[in-house]
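Beneath this line is the structure, given in structure tokens, with notes to follow.
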2 protein chains.
Amino acid sequence: MPFENIKDLYEEYKKIWSLNYALSLMGWDRETYMPPADASIRGEVIGTFSELIKDQYLKLYNLVQKYEGKENLSDEEKGFIRVLNREIKYYVKVPIEIIKELDKVTSEALIVWRQAKKSSDFSKFKPYLERIVDLERKVAEYLGYEKHPYNALLDLYEEGFTVDDGDSIFNVLLPNLKDIYTKVREKNYFPETHPLEEVEYDVKDMEKINNEIIRILRMPEDSFRLDISAHPFTIRISGNDVRITTRYEGKDFKETIYSVIHESGHATYELLIDKNLEMTPLAQGASTGIHESQSRFWENIIGRSKEFIHVIYPILIKYLDFVKRYNEEEIYKYVNTIKPSLIRVDADEVTYNFHIALRYEIEKKLLSDEIKVGELPEIWNEFMDKYLGIRPKNDSEGVLQDIHWSQGSIGYFPTYTLGNVVAGMIYSSYKDLKENVRNADFDNVKTWLKEKLCKYGAIYSPKDLLRKAFGKSYDPYDLIKYLKEKYLNV
Amino acid sequence: MPFENIKDLYEEYKKIWSLNYALSLMGWDRETYMPPADASIRGEVIGTFSELIKDQYLKLYNLVQKYEGKENLSDEEKGFIRVLNREIKYYVKVPIEIIKELDKVTSEALIVWRQAKKSSDFSKFKPYLERIVDLERKVAEYLGYEKHPYNALLDLYEEGFTVDDGDSIFNVLLPNLKDIYTKVREKNYFPETHPLEEVEYDVKDMEKINNEIIRILRMPEDSFRLDISAHPFTIRISGNDVRITTRYEGKDFKETIYSVIHESGHATYELLIDKNLEMTPLAQGASTGIHESQSRFWENIIGRSKEFIHVIYPILIKYLDFVKRYNEEEIYKYVNTIKPSLIRVDADEVTYNFHIALRYEIEKKLLSDEIKVGELPEIWNEFMDKYLGIRPKNDSEGVLQDIHWSQGSIGYFPTYTLGNVVAGMIYSSYKDLKENVRNADFDNVKTWLKEKLCKYGAIYSPKDLLRKAFGKSYDPYDLIKYLKEKYLNV
């Protein structure tokens with residue numbers, strides 16, 4: 001038992017863990033099997049659970065204090081206290097009125113955002129976003145920060161990640177990506193669009209393909225599920241019960257396949273965390289960015305590779321007659337079209353990080369009050385023009401496209417780029433990757449990832465974990481190297 | 001808002017309600033979609049939730065005391081306090097050591113009972129059952145009772161139900177049932193077995209039939225689900241989310257159909273409870289017996305009637321080719337075979353209550369120490385001989401057949417007979433029933449049941465509710481009248 005020295009904390013924490021366990025299941029059920037009439041009661045119960053969890057955290061406050069700076073603790077025990085302190089910190093430092101106000105504003109803002117997006121009218125959403133930004137600035141003040149208020153919010157999603165880190169990553173990435181993009185289009189090996197994007201499929205057939213893919217990916221039958229929901233997601237109930245969802249749009253079959261591979265990447269991380277950490281705050285990913293690195297690694301670096309297409313091609317032609325007209329190379333091109341898109345979630349590997357850079361710049365300057373919410377539509381469009389050379393025709397395909405801000409998630413977006421960056425670091429460091437993928441030896445891939453990163457859960461901060469694994473923190477050059485190898489060596 | 005005078009209780013109780021809501025969902029998921037590797041963690045979390053719920057109940061103890069005997073409360077408010085007091089009573093009166101000991105013994109006993117049943121060896125189970133009976137006797141002492149210790153346990157499942165009630169019900173039922181059974185066999189209209197019991201079906205077809213049946217029964221699509229599990233059950237998540245399950249054995253198609261109708265009866269009760277009672281202790285059935293009356297009423301009195309067979313016959317022949325060889329009357333006989341069975345769950349309407357009488361007599365005498373656990377196999381077999389004229393060949397088809405005692409459920413069995421008795425009272429009082437069923441007008445049936453019984457939830461004790469609805473408490477003569485009409489008028 002690795003938590004011998006903090007047994008009281010370990011035992012007490014089980015209550016929080018159990019409440020979160022139920023919360024996860026209620027969340028999963030809401031998106032999959034819940035009869036729709038229960039939606040508002042489910043919302044209320046989830047709210048009550050948040051209160052119960054908060055009460056339990058505050059109860060742990062004094063208990064955890066006594067271990068502060070204590071010697072002779074194991075890495076697991078230090079990690080337990082570090083993560084627990086981070087979880088408690090928000091409730092201790094931010095006044096309850098601010099938390100409640102944020103809950104209230106965001107639950108209204110979500111509805112308003114949906115309407116505003118539908119009618120492409122930013123002015124409807126503006127007053128809500130102003131209140132959210134204002135409240136988030138207050139949250140940052142209460143949490144405390146060095147140098148830049150945005151740092152307080154970034155830290156909520158990515159421990160220790162700062163504006164200095166972000167600036168230096170994007171300063172390296174953007175010119176290199178621009179260069180890669182220009183060359184990709186000059187060579188014109190990868191198309192901008194592909195005829196398969198328009199071909200319709202039978203949902204039952206696609207379900208069979210997805211089931212074969214999760215079997216090939218060696219997702220464990222006894223502790224993993226795939227269901228259907230409006231938006232794909234991964235949820236960990238416990239380390240023995242991790243569930244993903246996908247959706248079936250009825251055409252462009254790569255969409256559902258890559259959502260399954262992406263979510264399977266998240267799920268694999270959760271499944272590979274050391275089982276000794278179960279029921280502790282360490283039984284989770286090291287950070288949002290590290291988590292995203294796993295999903296991106298599986299989706300893009302493995303899933304969109306020539307080797308992986310070779311592995312799944314027989315399955316595709318087994319169930320989808322229309323695929324037979326295309327050879328493996330053609331399918332490889334279909335899953336790797338490169339084209340500047342107005343919409344982030346449609347973006348390819350090369351242009352995706354421009355979308356994040358834009359949001360990062362906006363969030364940073366909103367927090368420091370250098371720009372106003374009212375200016376966002378125009379600023380957004382200018383950034384799009386500058387980065388990708390295209391301009392949204394309206395707010396719906398511009399500043400209103402993402403749900404995140406309506407939920408009060410400011411500081412979350414950069415972790416998408418960190419996910420890509422860390423996935424690049426894994427690629428760089430994993431010598432037998434292509435061979436393992438070509439042989440569909442995904443048990444080996446999992447063992448590699450487990451030993452390198454996953455088994456540690458949240459024992460170490462993301463930067464410490466990366467240094468332990470790769471001898472360095474976030475390094476964008478590995479991602480650039482990967483993209484050059486894949487997209488320019490053709 | 002019907003709880004104006006006890007607002008503090010109402011608000012505080014929401015926490016318990018929310019914890020129970022999650023507990024129900026975790027229970028449902030465990031039997032339906034949970035990946036099997038999570039079983040032991042799920043068990044641990046459910047245990048933690050029981051602790052959390054207990055803590056919340058004890059917190060409410062002082063709060064509820066202050067309303068004791070207070071004037072000018074509405075029926076709803078009085079009911080709220082009455083039911084809450086009943087729920088708290090167990091935790092307040094029974095020492096935690098006894099509760100924990102019972103939890104421990106029953107969780108071991110469940111496993112031992114399974115093995116003992118498999119090898120048909122009562123001696124394995126005997127020491128566990130002895131400890132359980134001993135503990136249950138202690139529970140009865142701590143809870144307190146008048147006249148007979150069994151009364152304390154009966155009251156846990158059926159408020160106010162006593163040995164005096166039980167004795168007088170069975171004293172009326174048994175000779176009458178014996179008489180009815182003899183005449184049924186003399187007339188020989190209803191067969192003992194039917195060839196359809198051996199015919200295999202395709203599960204996909206049966207799923208379609210069950211889906212058509214729940215549509216005919218007007219189960220609401222937006223707040224109801226039907227799934228598959230090893231043992232059929234009903235669970236209420238909330239009044240807007242009630243779920244049932246069934247199973248498909250692959251032959252004898254009436255089994256899955258009547259499990260669906262039975263569970264739909266339970267579900268209908270939950271769905272008909274006044275929505276104003278949601279999130280209170282009143283949002284549940286009045287008692288286990290009243291709940292069973294609903295499932296039995298739908299399953300037997302409606303479902304096994306000639307009128308209902310007329311309604312579902314077209315669906316049966318639509319999906320099951322082999323049914324076409326039988327006319328409606330023949331299907332009516334197939335679903336109403338009458339034959340003494342060794343196994344309670346296989347018993348028909350006429351002989352079922354003998355199985356309960358046997359268990360009632362045994363539980364009563366165990367509690368008063370008139371008989372010993374070691375004597376049970378022999379006593380069981382003698383009762384079977386006396387009541388039904390058949391003798392189990394071994395303990396597996398005798399004293400070991402039911403799971404209940406291994407779970408510490410002593411006092412539960414009689415509620416099955418109460419369910420039949422109350423279903424008979426409904427039959428007696430509902431004049432247009434046959435017409436409504438023949439016309440498949442199940443909305444009307446539901447309105448009748450709602451106004452008569454269901455909408456009140458647990459506002460009134462079961463006896464008060466029956467007096468309000470029928471002007472009398474449990475009356476076995478209505479059941480006898482129903483059985484005579486159905487089985488002797490042929």
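Rundown of residues vs (1) modelled with pLDDT under 95; (2) over 19 Å from B:Tyr319 (Cβ atoms); (3) surrounded by fewer than 21 Cβ atoms within 10 Å (Cβ to Cβ); (4) not aromatic (Phe, Trp, Tyr), yes/no style:
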residue	(1), (2), (3), (4)
B:Val199	no, no, yes, yes
B:Ala230	yes, yes, yes, yes
B:Ile237	no, yes, no, yes
B:Glu249	no, no, yes, yes
B:Glu255	no, no, yes, yes
Query raised in the report: Which condition number in (1) of a type in the set (Phe, Trp, Tyr); (2) more than 13 Å from every other protein chain (Cβ to nearest Cβ); (3) closer than 28 Å to B:Lys15 by Cα; (4) in contact with a Leu (Cβ under 9 Å, 6 or more places away or on another chain) is the one that B:Phe253 fails?
Result: (3)
Query raised in the report: Taking the stated definitions as given, is A:Gly265 out of contact with any strand residue (DSSP E or B) (no Cβ under 6 Å at 6 or more places or on another chain), among the small types (Gly, Ala, Ser), assigned by TED's automatic domain parsing to the domain that holds A:Ile301 and modelled with pLDDT of 95 or more?
Result: yes
Report summary line: Residue hits (segment A:362-404; hydroxyl-bearing (Ser, Thr, Tyr) and assigned to a loop (DSSP other than H, G, I, E, B)) are A:Ser368
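I'd like to check something: does segment B:158-171 contain any residue that is touching an Asp or Glu at 6+ places or on another chain (Cβ under 7 Å) and either surrounded by fewer than 16 Cβ atoms within 10 Å (Cβ to Cβ) or more than 14 Å from every other protein chain (Cβ to nearest Cβ) (or both)?
Looking through segment B:158-171, at least one residue is touching an Asp or Glu at 6+ places or on another chain (Cβ under 7 Å) and either surrounded by fewer than 16 Cβ atoms within 10 Å (Cβ to Cβ) or more than 14 Å from every other protein chain (Cβ to nearest Cβ) (or both).
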Query raised in the report: Do you know which of the residues in segment B:267-303 that are within 14 Å of chain A (Cβ to nearest Cβ) and polar (S, T, N, Q) is farthest from B:Glu87 (Cα to Cα)?
Result: B:Asn276
Report summary line: Scanning segment B:276-298 residue by residue, those part of a helix (DSSP H, G or I) and farther than 15 Å from B:Leu418 by Cβ turn out to be B:Asn276, B:Leu277, B:Trp298
Report summary line: Cβ pairs under 9 Å, 6+ apart or interchain, first in segment A:167-184 and more than 14 Å from A:Tyr482 (Cα to Cα), second acidic (Asp, Glu) and assigned to a helix (DSSP H, G or I), ordered by first then second residue, are A:Phe170/A:Glu361
Report task. Go through (1) within 14 Å of chain A (Cβ to nearest Cβ); (2) in contact (Cβ under 8 Å) with a residue 24 or more places away in the chain; (3) more than 18 Å from A:Leu25 (Cα to Cα) one by one and return the number of the condition B:Ala22 breaks. Result -> (3)
Query raised in the report: Name the pairs whose Cβ atoms lie under 6 Å apart, with the first residue in segment A:345-358 and free of Cβ contacts under 8 Å to residues at least 40 places away in the same chain, the second among the aromatic types (Phe, Trp, Tyr), and 6 or more positions between them or separate chains?
Result: A:Leu358/A:Phe383
Requested in this report: Looking for whichever is away from chain A (no Cβ under 14 Å), out of contact with any Cys (no Cβ under 8 Å at 6 or more places or on another chain), part of a loop (DSSP other than H, G, I, E, B) and surrounded by fewer than 19 Cβ atoms within 10 Å (Cβ to Cβ) here; the options are B:Lys147, B:Lys78, B:Lys138, B:Lys89. Which one fits?
Outcome: B:Lys147
Report task. Could you list all residues from segment A:447-490 that are surrounded by 20 or more Cβ atoms within 10 Å (Cβ to Cβ), in a helix (DSSP H, G or I) and not hydroxyl-bearing (Ser, Thr, Tyr)? Result -> A:Leu449, A:Cys454, A:Pro462, A:Leu465, A:Leu466, A:Pro476, A:Asp478, A:Leu479, A:Leu483, A:Lys486
Report task. From A:Glu207, A:Glu212, A:Glu192, A:Glu186, grab the single residue that is in contact with a Lys or Arg (Cβ under 7 Å, 6 or more places away or on another chain) and more than 14 Å from chain B (Cβ to nearest Cβ). Result -> A:Glu192
Query raised in the report: Can we say B:Asn211 is closer than 28 Å to B:Tyr269 by Cα and part of a helix (DSSP H, G or I)?
Result: yes
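Can B:Glu329 be described as within 20 Å of B:Ser264 (Cβ to Cβ), among the acidic types (Asp, Glu) and modelled with pLDDT of 95 or more?
No.
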Query - Residue list for segment A:25-41, restricted to those being under 25 Å from A:Met279 (Cβ atoms) and at the interface with chain B (Cβ under 9 Å from one of its Cβ atoms) - result: A:Leu25, A:Met26, A:Trp28, A:Asp29, A:Thr32
Report summary line: Selection from segment A:216-230 of residues away from chain B (no Cβ under 14 Å) and either in contact with a His (Cβ under 7 Å, 6 or more places away or on another chain) or within 15 Å of A:His262 (Cα to Cα) (or both) yields A:Ile216, A:Leu217, A:Arg218
Requested in this report: Of the numbered conditions (1) assigned to a helix (DSSP H, G or I); (2) more than 10 Å from chain A (Cβ to nearest Cβ); (3) surrounded by 18 or more Cβ atoms within 10 Å (Cβ to Cβ), B:Asn62 fails exactly one; give the number of that condition.
Outcome: (3)
Query raised in the report: In segment A:236-250, what residues are out of contact with any Leu (no Cβ under 9 Å at 6 or more places or on another chain) and either more than 14 Å from chain B (Cβ to nearest Cβ) or farther than 30 Å from A:Ser18 by Cβ (or both)?
Result: A:Arg247, A:Tyr248, A:Glu249, A:Gly250
Query - Residue within segment A:35-52 that is among the charged types (D, E, K, R), part of a helix (DSSP H, G or I) and touching a residue at least 24 places away in the same chain (Cβ under 8 Å) present - result: no
Query raised in the report: Quick one: is B:Ile338 farther than 16 Å from B:Tyr150 by Cα, surrounded by fewer than 18 Cβ atoms within 10 Å (Cβ to Cβ) and among the aliphatic types (A, V, I, L, M)?
Result: no
Report summary line: A:Leu483: passes all of (1) modelled with pLDDT of 95 or more; (2) touching a Lys or Arg at 6+ places or on another chain (Cβ under 9 Å) but (2)
Query raised in the report: In segment B:235-247, which residue that is without any contact (Cβ under 8 Å) to a residue 40 or more places away in the chain and over 16 Å from A:Pro36 (Cβ atoms) is nearest to the chain's Cα centre (by Cα)?
Result: B:Ile244
Query raised in the report: Does segment A:277-290 contain at least one residue that is under 26 Å from A:Arg215 (Cα atoms) and either in contact with a His (Cβ under 9 Å, 6 or more places away or on another chain) or at pLDDT below 95 (or both)?
Result: yes
Query - Qualifying residue in segment A:215-227 (condition: assigned by TED's automatic domain parsing to the domain that holds A:Asn327 and assigned to a helix (DSSP H, G or I)) - result: yes
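The values are calculated or read from the model by the stated rules, or taken from the named source; none is laboratory data. Since we're looking at a predicted model, the values are computed, not measured. Every residue, glycine among them, receives a Cβ derived from its backbone with ideal geometry; neighbour counts consider all protein chains shown.
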